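Some notes on the structure that comes next.
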Amino acid sequence: MNMRTPLKNARRLGSAKEGADHFWKQRVTAVANLILVVLVMWLVLSMAGSDHATVKTWFANPLVGIVFALLGISGAIHMRLGMQVIIEDYVHGEGVKVVSLMLNTFFAIFVGAAILFAVAKLSFGA
């Protein structure tokens, strides 16, 4: 006997209404990271052995900066989602869990902002 309502079957959401969303965000960022890491590795290998002025010229190209920035953003989101699952599964005290989740979010924002700042600084010729 199926105890789900037709709306719940259509949306495929669990009781918290965000389990599938979290699952898909983690998978989408993993695929994005895979593609972006391949591009970044190609760019880094292409720049290997170049002098500082050449690397700055490469980063002045908007596409190079965008690829590095997207990898930073996607990596920070993926990191936050992965740590969130670990904290929710293994931290048992409710207060410690809430503080840990908040610190996890702040850390991911800090890392993402630092990466974006570094890419922007390189891209705009610092």
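Structure notes:
- A simple rule links phi to the HN-Hα coupling: the Karplus curve 6.51 cos²θ - 1.76 cosθ + 1.60 with θ = phi - 60°, which for the stretch 57-71 gives 5, 4, 6, 5, 5, x, 5, 5, x, 5, 4, 5, 5, 5, 5 Hz, with x for Gly and Pro.
- What the phi angles of the stretch 98-106 give under the Karplus curve with 6.51, -1.76 and 1.60, with θ = phi - 60°, is a coupling list of 5, 5, 5, 5, 5, 4, 4, 5, 4 Hz, glycine and proline written as x.
Only the coordinates and a few stated rules stand behind these numbers; no lab work does. Just so it is clear, the structure is predicted and the values come from calculations on it, not from any experiment.
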